[in-house]
Amino acid sequence: MTSQATGPRFALYCTPAPEHPLGRAAAQWLGHDPFARTETLPGSRLNRWVSLTTEPRRYGFHATLKAPFHLAAGTSLQELENAIQRFTSSRPPRPIGAMRIGTCQRRRSSPAQTEAIEN
């Protein structure tokens, strides 16, 4: 089904605060601080990194809570903001616990592969 909606799209994202260690680390990973709107890598490194991070740099480090959408006909931005405010104020914060950064593994390595990787 193809959408015929026009006009601006909206989305809901979660991002670490600029001063949070994860926010600072993400700005270094991407080579761009979206809050300060500044580059975070020296010129020589930045030139090589930009081609790899063009799309992520556009949005910054974030989690998408609601993918981009058009407002329903007759709905204003103020109504959207009010609905989000009502929703978030009616629910308690949910701690996510300790964070662990690692790699995703699709299959288990055989002992021979593990030995080859470790050596």
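The values are calculated or read from the model by the stated rules, or taken from the named source; none is laboratory data. The structure presented is a predicted model; accordingly, all values stated were derived computationally and were not measured. Note that each Cβ is placed from the backbone with ideal geometry, even for glycine, and that neighbours are counted across all protein chains shown.
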Scan of the range 9-50 for residues that are touching a residue at least 12 places away in the same chain (Cβ under 8 Å) and either surrounded by fewer than 11 Cβ atoms within 10 Å (Cβ to Cβ) or among the aromatic types (F, W, Y) (or both), ordered by number: F10, Y13, C14, W29, F35, A36, W49
Of (1) at pLDDT 95 or above; (2) in contact with a Gly (Cβ under 9 Å, 6 or more places away or on another chain), A17 fails just (1)
Can you confirm whether the range 51-61 contains a residue that is of a type in the set (S, T, N, Q), without any contact (Cβ under 8 Å) to a residue 40 or more places away in the chain and touching a helix residue (DSSP H, G or I) at 6+ places or on another chain (Cβ under 6 Å)? yes
Before we move on, is R86 modelled with pLDDT of 90 or more and basic (K, R)? yes
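Can you tell me how many residues within the range 39-76 are assigned to a strand (DSSP E or B) and at pLDDT below 85?
1
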